[in-house]
Every structure is written in structure tokens, then in C-alpha cells.
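The values are calculated or read from the model by the stated rules, or taken from the named source; none is laboratory data. In this text, all values refer to a predicted model and were calculated from it rather than measured experimentally. Positions of Cβ are generated from backbone atoms using ideal geometry, with glycine treated the same way; all protein chains shown enter the neighbour counts. Protein only, heavy atoms only, side chains kept; ligands, DNA and RNA dropped before computing areas. Shrake-Rupley method; radii C 1.70, N 1.55, O 1.52, S 1.80 Å.
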Amino acid sequence: MRKKIFIRGVVQGVGYRPFVYRLAQENKIRGWVNNSSHGVEVHAEGSPENMQNFERDLQKKKPPFAVIHEFESVSLEDTESFTDFKIIQSREEEKATVLILPDLATCPECRQDILDSAGRRYFYPFTNCTNCGPRFSIIRGLPYDRPKTTMAEFTFCPECEEEYHNPENRRFHAQPNACACCGPSLSLTDSAGMSLVPEEPGDAGIIHKVAEFLQGGKIIALKGLGGYQLLADARNEEAVRTLRERKHRERKPLAAMFPSLESARAEVSISPLEEELLLSASAPIVLLERKQTPESGIAPSVAFGNPRLGIMLPYTPLHHLLLTTTDFPVVATSGNLSNEPICIDNAEALRELGSIADFFLSHNRPIERAVDDSVVKIVSGEISLLRRARGHAPLPIRNPHVNRCILATGAHLKNTVALSRRGNIFLSQHIGDLENEKTYSAFTRIMADLESLLEITPEAVVSDKHPGYLSTEFAIRYARERNIPHLSVQHHYAHILSVIAEHRLDTREEKILGVSWDGTGYGDDGDIWGSEFLLADSGSYERIISLEPFFLPGSEKAVKEPWRVLFGIFRQMSSDYDSWDALTTRWERRYEKIMLTPADKKIFYTMLEKNLRTPRTTSMGRLFDAVSALCGFNGSISHEGEASMSLEYAITGNENPAEESLYSLQILEPETPSAPGRIRFHKMIEEILADLETRSVAIISRKFHNTLAHLILQAAQRSGLRRVALSGGVFQNHYLIEKSIALLRATGFTVYTNRSVPVNDGGISLGQAFYGNRHLSGGIEFT
Ligand code: ZN
Ligand code: ZN
Ligand code: FE
């Protein structure tokens, strides 16, 4: 019997061919297995019984990281021609349908190899095997073979070559396989690029020296897997503060890498699911709850006043060796200047990070593309990605109804882009905020990179509706150059579509209630939206409820300084200048801080009266900011969401049922049939003002959060629908999302939120690509 078998999915770079080889040996099958751009192709010959067993095994079993999407078997004419089973060399085919694997954290066996002083890979920082090591960050083209990776310039020594060709070996066809004799090696320089040569020779000498530097409070730029990282002793307050000052990163929390799971337990509580995440092949930064009395001695400025800490475990041999040597946690943050892309090139790193790091731990294995660390947390018992990059990109989101090639250019902040093709939406790694030249050029580069790697030629391009975004301008130009349609999707609808796409929700029979809450999104009426309740299906939406609009005096300035938004709301609550002046003065006295001189107050008031530089908004993020200001946040923010986070973190202790009361929020009926119902919140502001006289911010903040969760419940009950989708950056608020989900579920609603893409704007490109598919399929409802 002869058959041709095609297997598609994540089947390259995961030891799939040796796995097939072993199954063939076990079942006395002759023929060959080959990697093609389509996936894996098997030519099998054997007795009917052996063939049956072989096929059954192929369908039932798989190597640890393989993901099978399609299995197809075709009978061939019965003329047998093989005497053995071979793994043959890759050959290229016209269209790639194979999936590219993300970078995988060091496996336990390789970890043992580098710590085994008798083995030939002792202290070798580039050790890997078929089950682990770099993939996406070193691939130059497909199919995945060594000559098409950044390992091409290294030639195997006889021992590595033997491993590579031996199907019984764990390193069989491990493309980046290497050892100290033949592979990449470390280098150490100072910030001027001058080489340092430690007394102890080799990579071990360098690692020991770097550990010493860290111990001594120095800042190290380390060339990691998907780019440079900046390291400092996480226990050393002065070192961490120096890192912050030099990097111009004021208060945004930093993540720490701990030597081991056990050492991390001294700082944070780790559930079994969180433990699994930390130890997984994607090895992300996991946001974990800090212990009340931690014993790890983490410096305060790692994450100021934050009840959670981002923690990761070593994920490359270099990290393992370094952290084993230091035996203390290190801050590990992206090696970039504030808001710029992460550095990947040695010379570039010296240039860009020379003023931040004291020493550079580099190596000569090139990084093909930048991939940041992923960030994950557990929400209502399930994994939720907050930043999707290393360990996940470029794996697709699967949706069987996707059948078009669409390019989606994503959102303005936390940008990712997406490309779709038959059954898959491929999301790029996290790119960043499109606010400077460097990030914008990374954005265009990553799009071109994905297009060529995946060999997708878009039939249409989808962008946000905001006419001024660089991502929109790009899409318009791209569509014109290629003569393809350009579509745009309203931002908050795209958030909800990302949930529909991810969970493959069927919206034909019944729509869903989309709750899309965030900081900024361009509205259909030109206002800045952000507290939207949408009656949605996979093709259209209706905005049914939203906050009563308020104002952003000074526009961008109001985003930076939340008290401005509050002062604007005070204006709406006042009948004239004197009553506004009384309200603002009361606030200023309370916090003993004068925001405006009497003259400036007049100007501020006039600005509001005449609507000068005061855009209208319904942003929930900005309402959070205003309430945070009301409760005492009287400075300017150093990073997005800081004010609302500080309000969330003010909630301490457990809920006291006796205090379970809510503020007044009223949903007003729409003024016209096409207008949304408006949420009136001025009374709530008055009530909070009154509460401030007698209650703690902890209680007020909890009450405010509970009020919003009940608002969602109330809207869900009014809608008459059974399914609710929560999306948008505001739902990064841990208390709010868990409370909302719990309330809705307890009342019988089915709740969906983003899990495998970020709930923030990092997930927008998924919603956009999905929209493009729906639109190009002739508006036919599918799911
Ligand atoms: Zn390994
Ligand atoms: Zn070697
Ligand atoms: Fe958003």
C-alpha cells in the first residue's frame, strides 16, 4: 500500500520529522518525510495493517509543541519503490501554509546540560534542542532550515553535526544546534564598546564577571532572545533608581526575573495555573499578587505602590546561567529608549543604550527581528494576554470563517498589525505606540516582514477610522499603491469584533452586548469615544448607551494632568463662574495644591465656555482619571493609565458587605431614535465629594468600581440579550473586570472577554482583520 500524507499546522521546528521517522520505524513503514512550505509531507509504503497503525498513530500522537490543524491522506498507485524510511531535505514550494513557531524557553533537559560540569555543554549559553530555543527571532525565510536562519554563518563541528543528523538524538534537525566549539559566543564591553577580557576564559568567565557587576550595582545591557534587555539588581534601590533615571522611565512598573520559582515565592503568591505559565515554553512576564510581607527584598522603585509584580523566570541558557550565578532577582526591562523599539543590533545597542548601561553583554548570533517579552495575567481563573510577543507571535488566532487575505494596520497605541489567510489571523508581535519615527518605521518593517514570511498578498487593507492616525494614512496609501480596497472600522466596534473573532461567536440568531471601554477612540460623530455599549453582530453595530459627554480642557494636556478633566466636569456641574470657583477651590484646599492662579482660572473658565481646545469625550478612561483626581491624584501622569491604576490600587482589604452601597448613575432615555442613552454621572461626583469628608479612599474607590460593574449589569438587563463581551483598555483594571464578570455570571449572562489577544489596543488589529473578511465575503453573515 502507498499513500501520501499531508500534515499542516505548527509542524516545523518542533521535531515533527524525527517523530514521523520513529513512528515509521515502529510500524515498519518505508518511504520518506519532508518539510515543505505547506507543512509536512509523508510518503508511506507498507502492509495494509502497518499503514493503518501508522496513520492512526500520526493522528493521535504528536511532539510536545506541535499543533495539527489539518491532516490529509491520499492513496497512490500500488507500486512500491522504497527499501527504508528517510528524512529528506526541505524543498521550497510556491505558497507557504506552514506556521512559524515562536521562540521557546529552554527545556529542562537543556537546562541540565548547561549545569552538568561533566557534559560538553557545561556553561554554554546557546544550548538548545528540538524542543526549545530560538525560532521566530532567527528565521530569515521559509522553510525553517539552518541556512535560512541567523545561524547560517556558523558551521557545525563534527559532534554537533552528528547530533543534527541522528534521528535518535534530541538535537536531530535542531536548526540552531551549537556548542562552544562551533557556535556563537559571548562578548563583554564597557559602554564605549571597549572589550573587557575577564581572567577566567570563555563564556563562563564573562557570565561570572557580569554577575559581579550586577552585585556591585551596575546596569547591564544583555543581548537576549528577541532584543536587548536592561538588567539591574532588583534588591538594590539605588541601582533601580539609576536605571529609571537614565532610561527616563519615571514610575511605570518594571518586571523582575527571578532565579527560580522557589525564589519568586518569597515575593508573590503563585497559583498552580500561574506556576504552569511561568514554566511554560512561552515563559512570559506574569503579573502576580505580592505578598503582604515579602521576604525577597525587592527594591521599592521596581513597582511603586503596585499590589502586583511582573515576574518571569529565565528563558534562555544565558539567563539561566547568569541568574544561577547571581542567585538574586534582577530587573529585566526592554533595552530601548522610552517608547522606542527594542534594540537588536550590537552596534545600535551601544549607540542607543550607551548612556543607560554600564556594561554590554553581547554575542555574535544575530537577531533577525525584535520580539519583546509577553505579559500575561489570570483574570477570573483564565489566562489573559496583555502584551502578545515572545512565545506567541506569530502564531495565528484560528477562525474557520476567515477566508480572505486581509492586512489590518491596528491602533495608534500598543500597535500590532494582522494578516489573515484561510482559517487564520496572524497577529504581529507587539510593536508599540506609533508616536515617533522609529516605532513607525518598525511598524512598516514588521508589516513587510510578515507579508513576505507568510507569503500573503492582501486583497484589502483595514485601518482605524481616525483620519489623523499614521496607521490610517499608511493604509490609504497602501490601498492606492496596490489598487485594493481600503476599509475602516470604528475603534470600539473593532474591540468587540476581536472578542467575536477570538471566541468564534455566532451572532446570526442573536446579537451580543459589547461593552467597549477605554481611553481614546475616534467616534462616528467625531467625538472621542470610550464608554460604549454596542448592540453588535459580526457585521454591524448600534451604539445604544454611552456616558454623557464631558470635556478635555487643553486636549492632550488634560490626558497628562487629570485634574483638568475634573475641573471641566466641575464646570458642567456649576451654574456660573462663582460656583465653579467654589468647587475647584474646595478641591485645591483639600489637597493643599494650587493648580491655577486666579488669572489662569479665568482663562481656564473662558476656554471651557468658548470650547477652545476642549474636545468632547465619552471616555471611561478619562472619567476614571477625573475620579482619581477627585480622590487625590493631583500630579501629572508619567505613563498611560497611571491615575486610574492608582485609584484601583487604593482598594485594599476585603469587601465589607455592610458597606456594599453604590453611587448614583442614571441611564437617560435617548433624545432621538438614533442617539444613544446617556449615563448621567454628575450626581456620583457630588456623592464622592461628600464621601471624601467621612470615608477613606479605599472605600470610595471600591464603591466607584462596584458602581461601574453594576452599570454594566443594568445595561445587560435592559438589552434583553444573554451574551456580553467586555473589551478595551479599561478592562485591564483587575478589580473592575473580575467584579463585572462575577456579577454578570451570577445573573445568568454568558460573558466573553479577550484571552489570547490583549484586551487593550494590542487586540484591535484582530477585530479589523475579521471585519475585512466579513466585508469582502459580500456582507454575508458568517460565524
Ligand atoms: Zn532543549
Ligand atoms: Zn559544535
Ligand atoms: Fe481602545
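On the chain, 50 percent of the accessible area sits on carbon and sulfur atoms, based on a 1.4 Å probe. Per residue, the average separation of C-alpha pairs within less than 8 Å and at least 6 apart gives segment 1-84 a relative contact order of 49 percent.
Per residue, the accessible area of segment 641-783 comes to 39 Å² when a 1.4 Å probe rolls over the protein heavy atoms. LYS28: which aspartates and glutamates have alpha carbons under 19 Å from its alpha carbon, excluding same-chain residues fewer than 8 sequence positions away? List returned: GLU41, GLU45, GLU49, GLU55, ASP57, ASP78, GLU80, ASP84, GLU168. The long axis of helix 48-60 is offset from the longest Cα principal axis of the chain by roughly 30 degrees. For the chain, a simple Cβ point-charge model (Lys and Arg +1, Asp and Glu -1, everything else neutral) yields a dipole of about 780 debye relative to the Cα centre. Spacing of the modelled spin labels on MET194 and ASN483, each 7 Å from Cα toward Cβ, amounts to 6.1 nm. Projected over all directions and averaged, the alpha-carbon convex hull of the chain occupies 36.4 nm².
When the alpha carbon gyration tensor of segment 125-180 is reduced to an equivalent ellipsoid, its three semi-axes come out at 17, 12, 11 angstrom, largest first. Taking the longest Cα principal axis of the chain as reference, the axis of helix 734-746 is set at about 90 degrees. To the nearest ten degrees, helix 317-326 and the longest principal axis of the Cα atoms of the chain are 70 degrees apart. Cysteines in the chain that lack a partner Cβ within the 4.7 Å cut-off: CYS110, CYS129, CYS160, CYS179, CYS343, CYS405, CYS631.
Relative contact order for segment 319-391: what percent, with Cα pairs under 8 Å and sequence separation of 6 or more?
Numbers: 59 pairs, mean separation 15.6, N = 73.
It comes to 21 percent, rounded to a whole number.
Please list TRP580, TRP32 in order of solvent-accessible area, largest first, computed with a 1.4 Å probe with all protein chains present.
Largest to smallest exposure gives the sequence TRP32, TRP580.
Taking 19 Å as the limit for the C-alpha separation, the pairs LYS610/LYS683; LYS3/LYS86; LYS218/LYS438; LYS377/LYS465 exceed it in the case of LYS610/LYS683; LYS218/LYS438; LYS377/LYS465. Note on the chain: helix-only mean residue ellipticity at 222 nm, from DSSP H runs of 4+ residues weighted -39500 (n - 2.57) and normalised by residue number, equals -10000 deg cm²/dmol.
Dividing the mean sequence gap of close Cα pairs (under 8 Å, 6+ apart) by how many residues the chain holds gives a relative contact order of 11 percent. Annotation: aspartates and glutamates with alpha-carbon distance below 13 angstrom to LYS703 (same-chain offsets under eight excluded): GLU648, GLU655, GLU659, GLU660, GLU687, ASP691. Heavy-atom accessible surface of segment 9-119, averaged per residue, reaches 47 Å², computed with a 1.4 Å probe. Close amide-amide hydrogen proximity is noted between ARG2 and LEU76, each under 5 Å apart and 5 or more residues distant or on a separate chain (H modeled in the peptide plane; Pro and chain starts excluded). Straight-distance candidates among the lysines for linking to LYS593, with alpha-carbon spacing under 22 Å and chain neighbours fewer than 8 residues away dropped: LYS557, LYS560, LYS601, LYS602.
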